[in-house]
Amino acid sequence: MATGMTMSDATLLRRLSTLLVARSGCPRRMRLFSSYIVRGATFEPPDVSHLADSARISLAPGEVEDFGPKIRQVIDWFGQLQAVDLESVEPSVRADAEVSMYKREDTPETFENREAIIRVAPSYDDPYIKVPKVLSKE
Amino acid sequence: MPPPPVRSPSSLLLCHCRLPFHISPQTRLPLSHNSSVRRRFHCSAVSALSSDPQIAPTDLTTTPPSSHILSIRESLLSRRRTAADVAGEYLDRLRRTEPHIRSFLHVSETTMREAEEVDRLVASGKDLGPLAGVLVGVKDNICTAGMPSTGGSRILEGYRPPFDATAVRKLKEAGAIIIGKTNMDEFGMGSTTEGSGFQVTANPWDISRVPGGSSGGSASAVSAKQCVVSLGSDTGGSVRQPASFCGVVGLKPTYGRVSRFGLMAYASSLDVIGCFGASVIDSAIVLNVVSGHDRFDSTSSTHEVPDYASFLMSTDHFESTPLKGLKVGMIRETIGDGVDVGVISSIKAAALHLEELGATITEVSLPSFSLGLPAYYVLASSEASSNLSRYDGVRYGNRATVDELNSLYGDSRADGLGPEVKMRILMGTYALSAGYYDAYYKRAQQVRTLIRKSFKDALEKMDILVSPAVPSPAYKIGEKVNDPLAMYAGDIMTVNVNLAGLPALVVPCGFVEGGSAGLPVGLQMIGSSFSEEKLLRIGHIFEQTLPNYRFVPPLLFLELV
C-alpha cells in the first residue's frame, strides 16, 4: 500500500473496482494505483432527477425512467478510465501543445448589429430583456 | 421529356462502374458486352443532367473526379456559362432530390440574386474571388447572419444570428453563394442525423440508410450534387464518418486551423470546422479560404496558411510512383475484431493501391487506442453540459410560457432539447460534479495525454497513418436509435484524432455490398499537426489514380425527371 492511503481508502477502492468490473463486464485486470485516492464521494449511481435539477432541465417522470438505465450504462462504461494506471500522466487541457500568446487589445468595440440581437430576444422592454419573476424559495 | 430509362439492375451496376467486391482492384470491369443497354440508359441520364460536366456519359467510366470549383471558375471566366446558369442548375437539382434525401433545413431565397451579382462582377472585368459562383452548403450549427441557424435543435427554431461565423464570412468574401443550411444531429451529438430536432436525412446511395452524422446533411448534399462543397464540424468524427458513408471527400483540419467563431460550441477543446467536396482539390480550395488566425477565437492558430491547392498537380505530371519514399502506418487496432469484413478488405485494397504508387505500408499499434472512446465521451459530455447551459430561453431561442424563472430555464430546455442532448448534458453534469471530477474528467484528460503521445510517437516513424473512418458502411435508418453504446462504438476510428487535435482526410476508396449500387467506404489518412498539405497531396494522388471507381450515387440516376 502506498503512503498516504488509509486502510479504509484502499478497501473502498478495491470494492469500487470490483463493482465497476462486475457492472461493465470489462475483463481488464484491475490494478490499485498507488497515489490516487477517491475523496469524499462514494461513487453513487447517478440520480437522474438530481442531475436534471442541477442542469436546469425539467424532465417528465417518463423521461427519468427512460434515461436512468441508459445513463447508468454509459457511466459504468466510463468506469474503464478507472482501470488504467495514470500515475504521473499530466492531464491535457486541450489537444495542441502550442499555447497561442496572441492577445487582442483590451478595448471595447461596439457591435454594429445590436438591432438584430435585440430582435431575437423573446421579450424585450428597452433596455431590459424581460423574464418572469423568481418565486421559488431557493 | 424522353421516357424514363430502363432501370434493370444490370444497367444500374454498369452505370456506376463499381467493382463487385470480390474482384481484385487490378481487374477492370468489362463493360463493352452490354454497351447497347448502357447507351440507351445514358441518353436519358444525359438529358436530365447534361449541363453538369461531371455526369456526361463519356465520363461515366474511369475518369477520376475533377475540381468542380475550378471548372465553374473556368466556365465563368471564358463566358461559356453564367453564374446564374450554374446556380439555376444546382437549385433545380436540389429541389428535385430534396424530397428523397432532405439534406437541408433551410434553402436560401437569395441564391439567384447573388448569382446575378457574380455575373455583374464577371462582366465588369474585376477580379473574381476563388469561390465566385460556387454554391456552398453550411451545417446548421455554423452561424449565418439573417439565415436561420438552429444547430439542429428546436430550442433555436427560427433563430437568426446577428453575425456570420468567421468561416462563413471568409467564404462570402471569396465569392461563394451560401445555398442553404444543412441538417445535422442536434448540437453535433449523434452519428446519423436521427438526432436532428427536425428531420432525418437519407443517404443518396440508399435512401433507407443514414448519411452519417452529425454533419449528415452536408455530406449528402455534396454527394447528391445539391451544392458544390459544404462546411461541416467535427468533434468526434462528424465530418469523416459521413464522408465515408456518402462517398465524398471529408477533411478535418488541425484543431485551431479554422476559427471556431460562430460555430455553436459542443466540446470546445475538440470542435473543428471541416469541409466536404467531391474531390480532394475542392476540399483544399475551401480549406485555403476558411483557414487562418482569427482574433475572435483565441484558440485559433497563428500558424501560416500555405496555398493547399497549389500542391495538387494534374495527373499528367505524376511519375510512375509518385508516393515513392512515403511511409504509411496502418493502425492495427482498426482492422481487427468488430470491423466489417468488407470494410477491412476495402482498406487493404486501398493500402495495396498506395503501395503501387510507391509507398511502404507497415502495421503500427497505437497503445491506449480503445481508451479514447470513453475518454472522448467523458470530455465531450462534460464540456457540452457547460456549453449548452446558455440555451435557457432568456436571450434567444424558444422560451416556455411560465410564471417563474426556474421553470423558464427548466421548461424551455425540456421542450427545446432532444433526448440525446439531454442525456449527454446529464452525464456531463455527473462527471463534473464535486467528488467525481478527478475520477472522470481529469482521468479523461490524462488519457488524452497518452493518446497524443502515442500518435506523436507513431508519426515520428511514419509520414501518415491510415485506417477506415468507420467500422461499417452506412446503417439503416432506425438501426442504432435505442442503443447509445452501440452508436458510440461506431466512433472508435475517429475520436482519437480529435483528442490529439490532428488533421485527417477521408477519401472514398471502395464499396461494400448494399443498396442498389453498393455502399461507399472511405480511407482515413491522419497526419501530424498542420500537415494538411501533405495529406491533401497524398489524398489527391490516391484519388486521381484509383482505378475503376466512380462515386456518383444512384439517386442522381434514379431521380424522376
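Set the Förster distance to 35 Å, then compute FRET efficiency between B:Glu157 and B:Ser345 from the Cβ-Cβ distance, nearest 0.05.
0.20
Based on alpha-carbon centroids, what's the gap between region B:460-523 and region B:76-135 in Å, whole number please?
Computed from Cα coordinates, the inter-centre distance equals 32 Å.
Would you work out the relative contact order for chain B, in percent, from Cα pairs under 8 angstrom that are 6 or more residues apart?
Computed value for chain B: 19 percent relative contact order.
Taking each residue in B:420-426, count the Cβ atoms of any other chain within 10 Å of its Cβ, then average. What number comes out?
Whole-number average of other-chain Cβ neighbours for B:420-426 is 6.
With θ set to phi - 60° and the Karplus curve 6.51 cos²θ - 1.76 cosθ + 1.60, what are the ³J(HN,Hα) couplings of region A:80-87 in order, to the nearest whole Hz, using x for Gly and Pro?
The phi angles translate into 3, 5, 6, 7, 9, 7, 10, 4 Hz.
Just to verify a number: what accessible area does B:His353 come out at with the full protein assembly present, 1.4 Å probe, Å² rounded to tens?
20
Testing the spin-label approximation: label points 7 Å from Cα along Cα→Cβ at B:Glu74 and B:Asp457. State their distance in nm.
4.8
Figure the gain on full extension for B:Ser389 and B:Met112 (residue separation times 0.36 nm, minus the Cα-Cα span) and round it to one decimal in nm.
Stretched fully, the B:Ser389-B:Met112 segment lengthens by 95.9 nm.
Within region B:246-273, what residues put their amide N at less than 16 Å from the label point 7 Å along the Cα-to-Cβ vector of B:Thr302?
Label zone hits: B:256-257.
If you take the accessible area of B alone, add that of A alone, and subtract the area of the pair, what total do you get in Å², probe 1.4 Å, to the nearest 100?
5900
Roughly what % of DSSP beta bridges within chain B run antiparallel, to the nearest 5?
On the way: 30 of 46 bridges.
Taking every DSSP beta bridge within chain B, about 65 percent pair in antiparallel fashion.
What does the accessible area of B:Thr401 come to, in Å² to the nearest 10, when a probe of 1.4 Å is used?
140
Which value at 222 nm does chain B reach when only helices count, each DSSP H run of 4 or more adding -39,500 (n - 2.57), with the total divided by all residues and rounded to the nearest 500 deg cm²/dmol?
Numbers: 18 runs with 207 residues, N = 561.
The helix contribution divided over chain B gives -11500 deg cm²/dmol.
Mind checking which helices in chain B clear 18 Å along their axis (Cα) and have mean Kyte-Doolittle hydropathy of 0.0 or more, DSSP H runs only?
Values: long enough: B:35-49 (20 Å, 0.08); B:83-101 (26 Å, -0.68); B:111-124 (20 Å, -0.49); B:341-356 (22 Å, 0.89); B:372-387 (21 Å, 0.15); B:419-432 (20 Å, 0.43); B:443-461 (28 Å, -0.95); B:532-545 (19 Å, -0.52).
What comes out of the filter, once short or polar helices are dropped, is B:35-49, B:341-356, B:372-387, B:419-432.
Order A:Trp77, B:Trp205, most accessible first, counting only protein heavy atoms with a 1.4 angstrom probe. Provide the component values of the computation, followed by the final result.
Values: A:Trp77 45, B:Trp205 5 Å².
Order by accessible area, largest first: A:Trp77, B:Trp205.
Would you grab the residues whose amide H sits under 5 Å from the one on B:Gly514? Only those 5+ places off in sequence or on another chain, please, with H modelled 1.01 Å from N.
The answer is B:Leu519.
Please work out the average accessible area per residue across chain B, using the 1.4 Å probe convention, and give it in Å².
Counting only protein heavy atoms, the per-residue value for chain B is 33 Å².
Roughly how far apart, in whole Å, are the Cα centres of region B:173-236 and region A:61-132?
Distance between centres, Cα-based: 23 Å.
Within 10 Å of each Cβ in B:394-403, how many Cβ atoms from other chains are there, averaged over the peptide?
4
What ³J(HN,Hα) values, in whole Hz, does the Karplus curve 6.51 cos²θ - 1.76 cosθ + 1.60 give for region A:53-62 when θ = phi - 60°, with x put for Gly and Pro?
Result, rounded to whole Hz: 4, 4, 8, 6, 10, 7, 7, 6, x, x.
What residues qualify as long-range amide H neighbours of B:His106, i.e. H under 5 Å apart, gap of 5 or more or another chain, H built at 1.01 Å from N?
Counting only residues 5 or more places away or on other chains, the set is B:Lys181.
Can you give the net charge of the other residues whose Cβ lies under 11 Å from the Cβ of B:Leu312, counting K and R as +1 and D and E as -1? The partial results should precede the final answer.
Working: positive: B:Arg537; negative: B:Asp282, B:Asp307, B:Glu533, B:Glu543.
Around B:Leu312, the surrounding residues sum to -3.
Take chain B, compute every pairwise Cα distance, and split them into 20 Å bins from 0; I just need the percent in each bin.
For chain B, the pair-distance distribution reads 23, 58, 19, 1.
The values are calculated or read from the model by the stated rules, or taken from the named source; none is laboratory data. Treat the numbers as computed from the prediction; the structure is a model and nothing was measured. Every residue, glycine among them, receives a Cβ derived from its backbone with ideal geometry; neighbour counts consider all protein chains shown. Surface accessibility is based on the protein's heavy atoms, side chains included, excluding ligands, DNA and RNA. Shrake-Rupley method; radii C 1.70, N 1.55, O 1.52, S 1.80 Å.
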